[in-house]
1. Rounded to the nearest percent, how much of the accessible area of region 55-137 (1.4 Å probe, protein heavy atoms only) is carbon and sulfur?
2. If you place +1 on the Cβ of every Lys and Arg and -1 on the Cβ of every Asp and Glu, how big does the dipole about the Cα centre of region 34-137 come out, in debye to the nearest 20?
3. Hey, can you find the accessible area per residue of region 64-118 for me, probe 1.4 Å, expressed in square angstrom?
Amino acid sequence: MRVFTSLIVSACLLTGAAFAQDAAPKVDDSTAWFGSSSVLTQQTGEGIYKAVCASCHMPKGEGAVGAGKYPALAGNETLEFPEYPIYMVTMGGGAMPALGTVLNDDQIAAVVNYIRTSFGNTYNEDPATPEMVAETR
């Protein structure tokens with residue numbers, strides 16, 4: 001009889017847990033990490049790069065292959081004109097998350113200018129501007 005009672009109590013507890021789980025409010029936290037501009041407060045291109053970009057593109061911009069393919073920024077000819085990196089940072093693409101919701105126009109321009117003039121890149125002419133970023137949004 002004891003075993004039978006234990007089985008009934010266990011079944012009731014499991015059923016109650018299932019109902020409680022169904023009754024719990026559903027929260028979509030899929031964008032929580034990128035949900036607020038207050039998350040990324042760095043203002044310099046180097047600070048933003050080190051805080052956000054270096055984990056995938058590596059500290060020296062050499063890129064990486066592993067769970068995804070993260071292109072090298074060092075010597076990357078697609079950085080010659082600012083429009084492409086502005087778009088990628090703002091809107092994302094492939095494994096690149098869209099950072100337009102967590103970085104303002106000044107921050108995006110700063111990090112784009114940083115990667116265009118670092119890691120052996122010498123794309124000093126035609127720098128990215130906050131106005132260019134605003135046009136991309």
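1. 57 percent
2. 480 debye
3. 47 Å²
The values are calculated or read from the model by the stated rules, or taken from the named source; none is laboratory data. All values reported here derive from a predicted model rather than from experimental measurement. We place every Cβ from the backbone using ideal geometry, glycine too, and count neighbours over all the protein chains shown. Please note that ligands, DNA and RNA were not included when accessible areas were found on the heavy atoms of the full protein model with its side chains. Shrake-Rupley method; radii C 1.70, N 1.55, O 1.52, S 1.80 Å.
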